[in-house]
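Novice: Got a structure for you, written out below as structure tokens; questions coming shortly.
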Amino acid sequence: MDDQRLRERLNRLADDVRPIGSVPEGLIPRARRRSVLVPAFAALALVAIAVVASAGVRELVRSDPGTPAVPGPVTGPVAEVEDHITVVLGRDGGALPGAAAAFDPDGEPAGPFMVALAPGSVPLDRTADGRLAFTPLEGGGVLSVFGPDGEVTQLVQDGSIYGASWSPDGTRLAYAVGSFGDTTIRVVNADGSNDTVLVASETAEWNAEPSWSPDGATIAFLRGEADFPGCDEVCRFVGDRRLELWAVNAGGTGLRPLAPSLRPRGYHAPAWSPDGSRIAVAAYTPQDDIAVYVVDAASGQTSRLTRRGGGAPVWSPEGDRLAFVAQDGPRFQVYLVNADGGDERELLTPPVWSASVLIWDRAPLA
């Protein structure tokens, strides 16, 4: 089977996966961050693998008689895989979210590892020892941690969540919380204690998508006004043309813009390179398209990295490649690109959710 036929088949099979949540049309970024902890959520988390395997995944990987089978879920030890990219699969080409899964970036093995989250959960960031911060898709604001042992710890339950990032040592979590374009960056200990404000919101101001630097000294985030003439309620959720890339010291001092000329795209967190020298950002081009840009963390100089539109950029653990989400015809797909912009290519997977976060790491998968 050639690549084109395989892509078409993956697209059809992914559309068979039943949706795990409903998203108001036109407000997918809003729905991704709004969340609620339903009763018996911990129990749901423990049975999620069985639910997904018996419903969505079987539909995703099945094949018609007489045709080569699409690679199925991997059931062997996850520790055998050095790198994996975690993503939320998509339905209807990426307009609706599906189950969370992880893929080896080199296709070895080719099949996905299904991430053991309860239906309706969106992964945000993971520690080196496998603790996954996530937020449920709909309802009131909740930020929880799912450990490798299956235990769920609730950290935050007020407001809507607009991104989260672990400190390098995994002891603290930076997160954005608020509503209607009035969001604050806060930091909480991994056990839920000492929840403090890092960047307070002025009137109708975005402070969202925090990203902790590898040395633990700095947190980059998206900042901008969310209320200006002609900006209605929908604009305050998805009108992101006035955002900028900012940074603050982990202790709360040194609030500053990093690249004033860049126009970041909302709902896609900046991503630090492993050595902390560069930051990848999904941003608008002069032609009003979307691409991945790289910002020099010291000078603020920017350069365009990708040819096609890109969201949710993330670096490989070695820093030699990046992954990002881009639209491929009617669907959304994960792409890879070298750190110098060369060899931009598709990672052949089922369609992914257009608003998905990407996590590229070597941590144990829960």
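The values are calculated or read from the model by the stated rules, or taken from the named source; none is laboratory data. None of these values were measured; they are calculated from a predicted model. Note that each Cβ is placed from the backbone with ideal geometry, even for glycine, and that neighbours are counted across all protein chains shown.
Novice: Please tell me if residue 345 is basic (Lys, Arg) and either closer than 22 Å to residue 130 by Cβ or surrounded by 21 or more Cβ atoms within 10 Å (Cβ to Cβ) (or both). Lay out the reasoning, then the answer.
Specialist: Values: basic (Lys, Arg): yes; either closer than 22 Å to residue 130 by Cβ or surrounded by 21 or more Cβ atoms within 10 Å (Cβ to Cβ) (or both): no.
Judged against the criteria, residue 345 is not a match.
Novice: Within the stretch 141-164, is there a residue that is in contact with a strand residue (DSSP E or B) (Cβ under 7 Å, 6 or more places away or on another chain), closer than 22 Å to residue 271 by Cα and not in a strand (DSSP E or B)?
Specialist: No.
Novice: Collect the residues in the stretch 210-223 that are among the charged types (D, E, K, R) and either modelled with pLDDT of 95 or more or in a loop (DSSP other than H, G, I, E, B) (or both), keeping them in residue-number order.
Specialist: The first filter runs over the stretch 210-223 and keeps only residues among the charged types (D, E, K, R), leaving 215, 223.
Once the filter is applied, which keeps residues that are among the charged types (D, E, K, R) and either modelled with pLDDT of 95 or more or in a loop (DSSP other than H, G, I, E, B) (or both), the stretch 210-223 yields only 215.
Novice: Right, next: If residue 101 meets every condition in (1) at pLDDT 95 or above; (2) surrounded by 24 or more Cβ atoms within 10 Å (Cβ to Cβ) apart from one, which number is that one?
Specialist: (1)
Novice: With the requirement that a residue be modelled with pLDDT of 85 or more and either out of contact with any Phe, Trp or Tyr (no Cβ under 7 Å at 6 or more places or on another chain) or among the basic types (Lys, Arg) (or both), what does the stretch 117-135 give you?
Specialist: Passing the criteria: 126, 128, 129, 130, 131, 135.
Novice: For residue 94, all conditions in the list (1) out of contact with any Ser or Thr (no Cβ under 6 Å at 6 or more places or on another chain); (2) at pLDDT below 80 hold save one; what is the number of the exception?
Specialist: All conditions pass for residue 94, except number (1).
Novice: On the given criteria, is residue 271 under 30 Å from residue 109 (Cα atoms), at pLDDT 95 or above and not acidic (Asp, Glu)? Give the derivation first.
Specialist: On the way: under 30 Å from residue 109 (Cα atoms): yes; at pLDDT 95 or above: yes; not acidic (Asp, Glu): yes.
For residue 271, the condition - under 30 Å from residue 109 (Cα atoms), at pLDDT 95 or above and not acidic (Asp, Glu) - is met.
Novice: Moving on to the next point. Looking at (1) modelled with pLDDT of 95 or more; (2) surrounded by fewer than 24 Cβ atoms within 10 Å (Cβ to Cβ), which is the one condition that is false for residue 165?
Specialist: Single failed check for residue 165: (2).
Novice: Hey, another quick one. In this structure, does residue 303 turn out to be surrounded by 19 or more Cβ atoms within 10 Å (Cβ to Cβ), polar (S, T, N, Q) and in contact with a strand residue (DSSP E or B) (Cβ under 6 Å, 6 or more places away or on another chain)?
Specialist: Details: surrounded by 19 or more Cβ atoms within 10 Å (Cβ to Cβ): no; polar (S, T, N, Q): yes; in contact with a strand residue (DSSP E or B) (Cβ under 6 Å, 6 or more places away or on another chain): yes.
When the stated conditions are applied, residue 303 does not pass them.
Novice: Count, please, the residues in the stretch 278-300 that happen to be of a type in the set (S, T, N, Q) and touching a strand residue (DSSP E or B) at 6+ places or on another chain (Cβ under 7 Å).
Specialist: Initial filter on the stretch 278-300 (of a type in the set (S, T, N, Q)): 285, 287, 299.
Subset that is touching a strand residue (DSSP E or B) at 6+ places or on another chain (Cβ under 7 Å): 285.
Summing the residues that are of a type in the set (S, T, N, Q) and touching a strand residue (DSSP E or B) at 6+ places or on another chain (Cβ under 7 Å) in the stretch 278-300 gives 1.
Novice: Out of 273, 316, report the one residue that is in contact (Cβ under 8 Å) with a residue 24 or more places away in the chain, under 17 Å from the mean Cα position of the chain (by Cα) and farther than 18 Å from residue 221 by Cα. If you could, list the steps in order and put the result at the bottom.
Specialist: Details: 273 fails: farther than 18 Å from residue 221 by Cα.
Just one listed residue meets the conditions, 316.
Novice: Filtering the stretch 102-130 down to residues that are within 15 Å of the chain's Cα centre (by Cα) and outside any loop (DSSP other than H, G, I, E, B), which residue is farthest from residue 212 (Cα to Cα)? Show your work before the answer.
Specialist: First, pick out the residues of the stretch 102-130 that are within 15 Å of the chain's Cα centre (by Cα): 102-103, 115, 117, 120-127.
This time we only want the ones that are outside any loop (DSSP other than H, G, I, E, B), so: 102-103, 121-126.
On the way: 102: 22, 103: 24, 121: 22, 122: 19, 123: 16, 124: 13, 125: 11, 126: 12 Å.
Residue satisfying both the conditions and the ranking: 103.
Novice: Could you go through the stretch 125-141 and let me know if any residue there is of a type outside the set (Phe, Trp, Tyr), touching a helix residue (DSSP H, G or I) at 6+ places or on another chain (Cβ under 6 Å) and within 25 Å of residue 249 (Cα to Cα).
Specialist: Scanning the stretch 125-141 turns up no residue that is of a type outside the set (Phe, Trp, Tyr), touching a helix residue (DSSP H, G or I) at 6+ places or on another chain (Cβ under 6 Å) and within 25 Å of residue 249 (Cα to Cα).
Novice: Also: Being touching a Gly at 6+ places or on another chain (Cβ under 7 Å) and not in a strand (DSSP E or B) is the filter here, so list the residues in the stretch 243-302 that pass it.
Specialist: Within the stretch 243-302, 243, 250, 258, 259, 265, 268, 269, 273, 274, 275, 289, 297 qualify.
Novice: If I filter the stretch 196-209 down to residues being loosely packed, with under 15 Cβ neighbours inside 10 Å and either charged (D, E, K, R) or part of a strand (DSSP E or B) (or both), which single residue comes out as modelled with the lowest pLDDT?
Specialist: 202
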